[in-house]
Amino acid sequence: MITTRAVTKNDIQRIWQLRTSAILVGCASHYTKFECETWASSSMPETFTEILLSLGGIVAIETLDSSNGEQGAECLGKSVSGTQAETQERVLGFGFVDAAQCRLEAVFVDAEAVGMGIGKLLAAKLEVQAKKAGVKTLSLSSSLNAAGFYQNLGYIAGDETQWRHPSGIDLMCIPMTKSL
């Protein structure tokens, strides 16, 4: 069963691995190999844990019982091996919203779990968080490969622009907004 819950400190390494894999696999169709590798190989910011926890980051998890744990791991492949042994769950995606800035900051889904509705589930939960915080219009900067996903969720695309990644490279992105 796939559900969501708040990010914990125990999730952080898996989340960063998931983000890296999603960039290398999911973005390869719209960015150069150099761009993807540079973007993906950047170090995790020292404040990443604090940011995810303070902004109410969420993870999508697959909860497994002992009878289907091995089968679930095989079905989803090695890239979803972030298992919390004590709870038998796998992190399949994560996201967070900065309500003070009215921004959906991230939605990443494990490359092996794309197409399972995880991104849609995360985005819906994050939009509810934003709405409860008083956000009327949510904005985001979409990677080129994710623009269609966000448009299907009702986001309106602006003109392509560049975003300066902390590594120093410029990546094309699409600013988008949605009224909540």
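Mean separation of Cα pairs under 8 Å and 6 or more residues apart, divided by the residue count, gives the chain a relative contact order of 21 percent.
Remark: 16, 163 ranked as 163, 16, counting other beta-carbon atoms within 10 Å and listing the fewest first.
As a proxy for reagent exposure, ranking 1, 176 by other Cβ atoms within 10 Å from fewest up yields 1, 176.
The alpha carbon centroids of the stretch 21-43 and the stretch 133-148 are separated by 20 Å.
Within the same chain, lysines fewer than 8 places from residue 9 are excluded, and of the rest, those with a Cα less than 27 Å from its Cα are 78, 120, 125, 131, 132. Mean sequence separation of contacting Cα pairs (under 8 Å, at least six apart), scaled by the length of the stretch 86-180, corresponds to a relative contact order of 25 percent. Residue exposure proxy: 25, 59, ordered by other Cβ atoms within 10 angstrom of their Cβ from fewest to most, comes out as 25, 59.
Bear in mind that the values in this text are calculations on the coordinates, not laboratory data. This structure is a prediction, so every number in the text was calculated from the model and none was measured. Ideal geometry is used to build each Cβ from the backbone, glycine not excepted, and the neighbour counts take in all protein chains shown.
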